[in-house]
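These notes are about the structure you will find just below.
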There are 2 protein chains.
Amino acid sequence: MRTAIVGGGVVGLACAFELARRGAEVTLFEREQPGAGASTVAAGMLAPSSELEKTPQVLVDLQLDSLRRYPDFVAAVEAAGGQPCGYRDEGTLWVSRHRDDELELDHLCAIQQDRGMPARRLSGRDVRQIEPYVSPRAVGGLLVERDTQVDPRRLVPALRAACEASGVEIRAQTVVRAIEPRRGTLSLTIESDAGASQFETDQALLASGVWLEDCIVTPLPTLGMRPIKGQIVHLRGQPLADRVLRNSDIYLVPRADGELLLGATEEEQGFDLTASAGGTLDLLRYAFEVLPGIYDLDLTEIDVGLRPAFSDHMPVIGPTNVDGVFIAAGHYRGGILLAPGTAHWMAELMINGQAIDHLAPFGYERLLQNQEAPA
Amino acid sequence: MRTAIVGGGVVGLACAFELARRGAEVTLFEREQPGAGASTVAAGMLAPSSELEKTPQVLVDLQLDSLRRYPDFVAAVEAAGGQPCGYRDEGTLWVSRHRDDELELDHLCAIQQDRGMPARRLSGRDVRQIEPYVSPRAVGGLLVERDTQVDPRRLVPALRAACEASGVEIRAQTVVRAIEPRRGTLSLTIESDAGASQFETDQALLASGVWLEDCIVTPLPTLGMRPIKGQIVHLRGQPLADRVLRNSDIYLVPRADGELLLGATEEEQGFDLTASAGGTLDLLRYAFEVLPGIYDLDLTEIDVGLRPAFSDHMPVIGPTNVDGVFIAAGHYRGGILLAPGTAHWMAELMINGQAIDHLAPFGYERLLQNQEAPA
């Protein structure tokens, strides 16, 4: 089965790898280089527990399904391509600064325990015993040991290597402008430095994030994809934490190589990729509250990404009204976490061709209801 | 007279221009490109009034002398090279945030008036009438209308053009390793991509900032030059101020093109050129206190420079114990302000060959006293 994938972010690459492993003949088109979009700006926290209350249950279920697949996914990627994904399992330590944070952590702890996710409430002293550099002003904490993380800047190249080792053809710097059904196959109009041309395929998967609607698929309706800007600050120097530290304003993610990531803003700024003074100020001051030692670290990078989001902040994962055309996009803040699950179910769907019940909440049709013209 | 200048910062370029105008045959050696060092990181405020109390009177006199020369200097540079220096005269507005700032401004105002420099104390309301975007929390101000500024990123290329138009030969990416007197002339050992070679000259001026002591001049003693790191943050967007705004923690310098500079940290970090998290945090939060609207500006650059300083933070401007070798270095935070004066007096000294009385406090000998071995 000839399969074209549009988009070389973590979702497109994971789907390409999974489909190729199952025998599909996969060509992946990426407008820049694989990972040039939001994927490599992400912090890579694999922590569905963090926002349980604000997340619809169907999405939590999908997250937990994907999380369970992560160890096998990482093992398969590393075995196929020979490159490490930067997978770590030190957990998350929530740090509270005052009474409001304490109440929030009580609440978060109760919800997690209620859903069978173990979490442990800590005193300020406990927090500093586990992470000695945490501010002396911290009054308490919540330790979530089951949280894990992956380094997206390792995962993406590792996935790319795994794809290539599995026979995926990657065409970088190639834009897919349109997809049209034609005599039982799909015809893609592609553009690269070599000019415009056509590409024939049996199936196509749109996994192009914020660029989803840049590709015209007749007669697929408009779904209202929009970018949500996120800034992340990279620091480097003496390691100050072993695990992810966070509160409701900030997360601090340590990397194996001495890097510390501070994330992340959420801004409605269209396709703007410029760092803002306010975003950087907030990240630095919230991080300083948690871990005063950041003051002396090098500031090596301010990175900006565009998270792909639909109006309800849930992804679309499923078929479309065009035979052979599928969508896996709109993963918003969850692309890294959801990649193994998305790849698994998308492969089931595209290779077996059967509807999958628990993908039903992620169909594109839900997005059309709000767009009807008023009577 | 064949004259070699070591260093293509603002001081080296200004001296080269002045010497060439007076008929010297000038060759300027710069280890990278002209302006690659501290000069183009500077904010370019021409405001000797700002730190009157902390500055020795001899240096204030030199600053005021240089300031008086600025309009003619800019006119000459612009006429010779045809490029603008970004000279502006909107003055400085000190903004006070609380009682301590108010007392400081009372004091600063009194000192300035005492020395015949007009300055005007303002209420918080006055401040916002002059600069409407200043924080509503500002409680008072001090307007120093005579302060001016120049844009170093325009001044340096303008000076380079003026030098070239005046016959100065600029050898970029060339390091001067050593200077040795030899049979009545000076022999420079220079190194570039083309390899090492010798260059003969009659006179040499060391204007190489923090790299001063990278060039071995026999038998000139060690003077203890050291770098003092400074970070500056560049913002861009809607113009929020017409003039320089400042207090004791921060200055905000608007540029004609919509840029706003926030400066500057002072750090003893050796030759490290990496931005720090703490430095950036401080600049952003102090700037936000003065001008909350910066929150929405783009953060376009974090720039780091190394100010050249001797132990007493005064420059060395004068001859050395090696015939024909002169020094103009160690201008610390004052290189932009002091450039026209330094160039004028250095040209008098090197071309007329006579000692200049009021350069006496800037001789290198003063630095040797503290370096004597204990008895």
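Here B:Thr27 clears all of (1) part of a strand (DSSP E or B); (2) surrounded by 22 or more Cβ atoms within 10 Å (Cβ to Cβ) except the condition numbered (2).
Condition check: surrounded by 19 or more Cβ atoms within 10 Å (Cβ to Cβ), farther than 24 Å from A:Arg333 by Cα and either within 12 Å of chain B (Cβ to nearest Cβ) or not β-branched (Val, Ile, Thr) (or both). Does A:Gln238 satisfy that? Outline the logic, then answer.
Values: surrounded by 19 or more Cβ atoms within 10 Å (Cβ to Cβ): no; farther than 24 Å from A:Arg333 by Cα: yes; either within 12 Å of chain B (Cβ to nearest Cβ) or not β-branched (Val, Ile, Thr) (or both): yes.
When the stated conditions are applied, A:Gln238 does not pass them.
Of all the numbered requirements in (1) more than 14 Å from chain B (Cβ to nearest Cβ); (2) free of Cβ contacts under 8 Å to residues at least 40 places away in the same chain; (3) under 24 Å from A:Arg153 (Cα atoms), A:Gly334 misses one, and that requirement is (2). The single condition among (1) farther than 28 Å from A:Arg246 by Cα; (2) out of contact with any Phe, Trp or Tyr (no Cβ under 9 Å at 6 or more places or on another chain); (3) crowded, with 24+ Cβ neighbours inside 10 Å that A:Val77 does not meet is (2).
One line per residue, one yes/no per condition, for (1) outside the structural domain of A:Glu25 (by TED's automatic domain parsing); (2) polar (S, T, N, Q); (3) within 22 Å of the chain's Cα centre (by Cα); (4) under 30 Å from A:Arg22 (Cα atoms):
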site: A:Arg68; (1), (2), (3), (4): no, no, yes, yes
site: A:Arg97; (1), (2), (3), (4): yes, no, no, no
site: A:His107; (1), (2), (3), (4): yes, no, no, no
site: A:Ala119; (1), (2), (3), (4): yes, no, no, no
site: A:Ser123; (1), (2), (3), (4): yes, yes, no, no
site: A:Ala158; (1), (2), (3), (4): no, no, yes, yes
site: A:Val175; (1), (2), (3), (4): no, no, yes, yes
site: A:Thr185; (1), (2), (3), (4): no, yes, no, yes
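Considering only region B:211-222, I want to know if a residue exists there that is touching a Gly at 6+ places or on another chain (Cβ under 8 Å), touching a residue at least 60 places away in the same chain (Cβ under 8 Å), more than 13 Å from chain A (Cβ to nearest Cβ) and crowded, with 20+ Cβ neighbours inside 10 Å. Within region B:211-222, one or more residues are touching a Gly at 6+ places or on another chain (Cβ under 8 Å), touching a residue at least 60 places away in the same chain (Cβ under 8 Å), more than 13 Å from chain A (Cβ to nearest Cβ) and crowded, with 20+ Cβ neighbours inside 10 Å. One residue alone among B:Val150, B:Val95 is under 22 Å from B:Leu338 (Cα atoms) and surrounded by 14 or more Cβ atoms within 10 Å (Cβ to Cβ), and that residue is B:Val150. Within region A:259-268, the set of residues being part of a loop (DSSP other than H, G, I, E, B) and within 13 Å of chain B (Cβ to nearest Cβ) comprises A:Thr265, A:Glu268.
Of all the numbered requirements in (1) assigned by TED's automatic domain parsing to the domain that holds A:Thr27; (2) closer than 28 Å to B:Arg285 by Cβ; (3) among the aliphatic types (A, V, I, L, M), A:Leu206 misses one, and that requirement is (2).
Being modelled with pLDDT of 95 or more and assigned to a helix (DSSP H, G or I), is that true of even one residue in region A:84-94? Scanning region A:84-94, I find no residue that is modelled with pLDDT of 95 or more and assigned to a helix (DSSP H, G or I), so the answer is no.
Do we have A:Ser311 as touching a residue at least 24 places away in the same chain (Cβ under 8 Å), away from chain B (no Cβ under 14 Å) and more than 21 Å from A:Phe17 (Cα to Cα) here?
Values: touching a residue at least 24 places away in the same chain (Cβ under 8 Å): yes; away from chain B (no Cβ under 14 Å): yes; more than 21 Å from A:Phe17 (Cα to Cα): yes.
Yes; evaluated as a whole, the condition is true for this residue.
Only residues that are within 17 Å of B:Gly230 (Cα to Cα), of a type outside the set (A, V, I, L, M), at the interface with another protein chain (Cβ under 7 Å from one of its Cβ atoms) and touching a residue at least 24 places away in the same chain (Cβ under 8 Å): list them for region B:278-299, please. Across region B:278-299, the qualifying residue is only B:Thr280. Suppose the filter is among the hydroxyl-bearing types (Ser, Thr, Tyr), over 19 Å from B:Gly9 (Cα atoms) and under 16 Å from the mean Cα position of the chain (by Cα); does B:Thr189 pass it? Against the criterion (among the hydroxyl-bearing types (Ser, Thr, Tyr), over 19 Å from B:Gly9 (Cα atoms) and under 16 Å from the mean Cα position of the chain (by Cα)), B:Thr189 does not qualify.
Kindly establish whether B:Val253 is within 19 Å of the chain's Cα centre (by Cα), modelled with pLDDT of 95 or more and away from every other protein chain (no Cβ under 11 Å). Even if it seems obvious, please write down each step before you answer.
On the way: within 19 Å of the chain's Cα centre (by Cα): yes; modelled with pLDDT of 95 or more: yes; away from every other protein chain (no Cβ under 11 Å): yes.
Answer is yes for this residue.
Screening A:Val134 against (1) closer than 30 Å to A:Thr201 by Cα; (2) surrounded by 15 or more Cβ atoms within 10 Å (Cβ to Cβ) leaves a single unmet condition, (1).
The values are calculated or read from the model by the stated rules, or taken from the named source; none is laboratory data. Not measured: the values here are computed from a predicted model. FYI the Cβ positions are ideal-geometry reconstructions off the backbone, even for glycines, and counts take in every protein chain you see.
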